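Asker: One structure is given below, represented as structure tokens, and several questions about it will come after.
The values are calculated or read from the model by the stated rules, or taken from the named source; none is laboratory data. Since the model is a prediction, treat every value here as computed from it, not as a measurement. Cβ: placed from backbone, ideal geometry, glycine included. Neighbour counts: every protein chain shown.
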Amino acid sequence: MHRESDAHSPREDDALKAELQGMMKANRPTRAEEWRDPEPPADDDYTVPPFDEPLGEETEER
């Protein structure tokens, strides 16, 4: 079963996996400096439609 990302090479996938391994085992952020942690998404963020969908246009059926 293919579980790796097509956006990255297998080497980059392994590096990303190793980077997250500590946080996954600890079930909490593992950085000493809190400012280094990524900011979680805001509650009031709206979802952005995929790039290939037109904004606000409806398709006509012929």
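Asker: Any residue at all in the range 18-29 that's at pLDDT below 70 and touching a helix residue (DSSP H, G or I) at 6+ places or on another chain (Cβ under 7 Å)? Spell out the reasoning first.
Answerer: Taking the range 18-29 and keeping what is at pLDDT below 70, we get 29.
Retained after the next criterion (residues that are touching a helix residue (DSSP H, G or I) at 6+ places or on another chain (Cβ under 7 Å)): 29.
Within the range 18-29, one or more residues are at pLDDT below 70 and touching a helix residue (DSSP H, G or I) at 6+ places or on another chain (Cβ under 7 Å).
Asker: How do the pairs read when you match residues in the range 31-59 that are at pLDDT 70 or above with residues anywhere that are surrounded by 10 or more Cβ atoms within 10 Å (Cβ to Cβ) and in a loop (DSSP other than H, G, I, E, B), using Cβ under 6 Å and keeping only pairs 6 or more apart or on different chains?
Answerer: 37/29; 37/31
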